[in-house]
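Asks: Before anything else, here's the structure in question.
The values are calculated or read from the model by the stated rules, or taken from the named source; none is laboratory data. Please read all numbers here as calculations on a predicted model, not as lab measurements. Using ideal geometry, Cβ is built from the backbone for each residue, glycine included, and neighbour counts are taken over all protein chains shown.
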Amino acid sequence: MRPTLPRLVNILVPVKRSIDYAVKIRVASDGKGVDTNVKHSMNPFDEIAVEEAIRLREKKSTKVDNITAISIGPAKAVDTIRTALAMGADSGIHITTPENAVVEPIAVANALKKIIDDKKFDLVIMGKQAIDDDSGSTGGMLAGLLGWSQGSFASKLEVEDGGKVHVTREIDGGLENIEAKLPMIVTTDLRLNEPRYASLPNIMKAKKKKIETFKPEDLGLDFTPRFETISVSEPPKRQGGGKVESVDELVSKMKEAGVI
Amino acid sequence: MLVRSSRSSLLRPRLPPSQALRAISTSPIRRQVQEITRPAIDTPLSLWNFTEEENMLRETVRRFAEDVIGPKVSKMDEEEKMDPEVIQGLFDNGLMGIETSADMGGSECSFTSAIIAVEELARVDPSVAVLCDVHNTLVNTVLRLYGSKEVQEKWLPDLATKKVGSFCLSEPASGSDAFALQTTAKLDSSGDFYTLNGSKMWISNSAEADTFLVFANVDPSKGYKGITCFVMSKDMGVEIAKKEKKLGIRASSTCLLNFDDVKIPKENVVGEVGKGYKIAIEILNEGRIGIAAQMVGLAQGAFDKSLTYAYQRKQFGKPVGEFQGMGFQFADVATEIEAARLLTYNAARLKEEGRPFTKEAAMAKYFASVIAQKAAGNAIEWAGGQGFVREVGLEKYWRDSKIGAIYEGTSNIQLETIAKFLRKEYQT
């Protein structure tokens, strides 16, 4: 048997700067979005993605060559990349966009495809969705554009030496185990891991790590939005409930409310 | 010409020229040194400016405190014991060697970073904050600033990575009057080691610590000029005689220590023999800023917890926080917390810049401890009955805040320190 050459895996981890999960979201005064003048941090699913990449490297069953964190966003997105570096990523890429510009999932997917084509990555680990738009589509679109396998909603990830990948996916019916080969897209679900804190010594080490900056034009990318948000409003306030004594009463109340 | 002079006579009484000049030059007001030497800068900045690392550190400590320490606070307080997992977490995240250089295993960050860490820890648990503060601003810093290269290389790496430190100055008979300490360190006839005898009281971290900085007098006939600082490990003979049961910061161990013919090699002297008193004075200045940060964090933690409740608890048809009377009280306390925070961070930055900061540090510690008491006390009242029960955790802040006016220099000592500066400034 021919010995398989040890494969060095290059991992790309896209991270998004989104509104912090603990913030109380309010509709913006123009009714077309939400108030963004609040605390932002890395999308929690992206944190899980960074953590998984670092764990793959630590496991040593996979030979990880490089973990690159990439973010597409305004100037402040650099903080998000730095957090990824402080967690353990090796280098960063920042594609800058104007402040408050909307970058749609298809634009992100196209940008990531360009970077992957240029710099040759083997594995992309990304959050299954961002908690601000909840669109959950970038991972799938990217897999489609590249023609790569995808393992979405991963709650377990194993990469063997030689490029075989086992992904356990969380689906409505339970868990699904799939087997695929690199190159591949994996999107993370909540139960994949518990991300580490950026410890102080690592924050200091992150200062020395490099971040490459690009403008969309430099890469020949067009981020013009294809959608226009007409309006954003809060959900209707919850009405109080009531207690009923019997099933008959329940049925009559439901008829009154017009639901049956 | 004529117009000008008649105008000036309306504004100021005319003095004969000789007197007019003298009145200005012999003015008794002596400007504080730092006003004269304050460098002019192009872009003045507000006190809300931090480096990227400092911001990231704040984020990390806040999350660590909320996720790891938060669930354990109540238990640690009830049992009066620090959870070892919390201490390990502090070590793992590099928070026990904040200013120590990287080649000794530390995080090589600024002093303000340590202050930020203490503030964020105190928001969740002031007991953990004081453990981290004493370890960093007293123990680590004394070794960094006064220890020889050999002493630093021997003791700092472990302190940054696995061993807790404790600072032993106070004694049963000497608190504010620190120089009246009675622990003796007799140099042996061989000249190779000292024999320590005495007791130390009110020593924080002592139950968890493995490394101790002990101040003892090598020559009582010289008065305070015999005080020397020694570094020692617990196994050299540190005996914990009693662990105090306290009103607040109960998870932070405060013990009475006994030294009974403890032998310490002469290499373990930190700094110079007989110059320990200087170390004590200078280091307590920095420690003050740390305590101020702890009090600010405590006040903010109590405030946040109480207001979250007040804006949820409904009485008379609306959240109690929305009543104007409550709003005015919130505004008053919030103003004081902000003022204390600015005093603290300004003192920290002055120290970083190498400028005199003793007066500002005393002001910060004094003010922060006063407003922390008020903020925590109000926080209980704003939450009504829930503020009074131990389960909720609000009353703990108030109990914890009392120590702020007492340790690392009582409020009266702080006031005397500030008054001394003012005397020098204004006395003729």
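Asks: Quick check on region B:267-288: of everything there that is in a loop (DSSP other than H, G, I, E, B) and of a type in the set (Gly, Ala, Ser), which residue is nearest to residue B:145 (Cα to Cα)?
Replies: Among those that are in a loop (DSSP other than H, G, I, E, B) and of a type in the set (Gly, Ala, Ser), it is B:271.
Asks: Report, by residue number, each residue of region B:107-126 that is over 15 Å from the mean Cα position of the chain (by Cα) and facing chain A (nearest Cβ under 8 Å).
Replies: If the condition is that a residue be over 15 Å from the mean Cα position of the chain (by Cα) and facing chain A (nearest Cβ under 8 Å), then B:107, B:108, B:109 are the ones that fit.
Asks: List the helices (runs of 4 or more DSSP H) that sit entirely inside region B:31-142 and contain at least 3 residues that are under 22 Å from residue B:394 (Cβ atoms) and hydrophobic (A, V, I, L, M, F, W, C).
Replies: Hits in region B:31-142: B:111-124, B:126-133.
Asks: Check B:143, B:247, B:256 and return the single one that is modelled with pLDDT of 95 or more and either assigned by the TED database to the domain that holds residue B:285 or more than 18 Å from residue B:407 (Cβ to Cβ) (or both).
Replies: Within the list B:143, B:247, B:256, the selection yields B:143.
Asks: Does region B:165-185 include one or more residues that are acidic (Asp, Glu) and more than 17 Å from residue B:280 (Cβ to Cβ)?
Replies: no
Asks: Another one. Does region B:274-309 hold any residues that are of a type in the set (D, E, K, R) and either under 19 Å from the mean Cα position of the chain (by Cα) or under 21 Å from residue B:356 (Cα atoms) (or both), and which are they?
Replies: B:275, B:278, B:282, B:286, B:288
Asks: Condition first: over 23 Å from residue B:299 (Cα atoms), within 14 Å of chain A (Cβ to nearest Cβ) and touching a helix residue (DSSP H, G or I) at 6+ places or on another chain (Cβ under 8 Å). Can you find one or more residues in region B:42-58 that meet it?
Replies: Yes, the conditions are met somewhere in region B:42-58.
Asks: If you scan region B:70-105, which residues turn out to be farther than 27 Å from residue B:155 by Cα and touching an Asp or Glu at 6+ places or on another chain (Cβ under 7 Å)?
Replies: Across region B:70-105, the qualifying residues are B:72, B:73, B:76.
Asks: Name every residue in region A:186-201 that is in contact with a Gly (Cβ under 7 Å, 6 or more places away or on another chain), within 14 Å of chain B (Cβ to nearest Cβ) and of a type outside the set (Gly, Ala, Ser), in order of residue number.
Replies: Correct list: A:200, A:201.
Asks: What's the number of the condition residue B:156 fails, among (1) modelled with pLDDT of 95 or more; (2) not aromatic (Phe, Trp, Tyr); (3) not in a helix (DSSP H, G or I)?
Replies: Condition not satisfied by residue B:156: (3).
Asks: Ok, one more. Residues B:359, B:396, B:420: which one is surrounded by 15 or more Cβ atoms within 10 Å (Cβ to Cβ) and over 16 Å from the mean Cα position of the chain (by Cα)?
Replies: B:396 is the lone residue from the list that is surrounded by 15 or more Cβ atoms within 10 Å (Cβ to Cβ) and over 16 Å from the mean Cα position of the chain (by Cα).
Asks: Report every pair of residues separated by at least 6 positions or lying on different chains whose Cβ atoms are under 8 Å apart, first residue within region B:92-105 and over 18 Å from residue A:87 (Cα atoms) and modelled with pLDDT of 90 or more, second surrounded by fewer than 24 Cβ atoms within 10 Å (Cβ to Cβ) and among the small types (Gly, Ala, Ser).
Replies: That search, which allows pairs on different chains as well, returns B:97/B:105; B:99/B:110.
Asks: In addition: Could you check, for region B:357-368, whether at least one of its residues is outside the structural domain of residue B:249 (by the TED database) and at positive phi?
Replies: Within region B:357-368, none of the residues are outside the structural domain of residue B:249 (by the TED database) and at positive phi.
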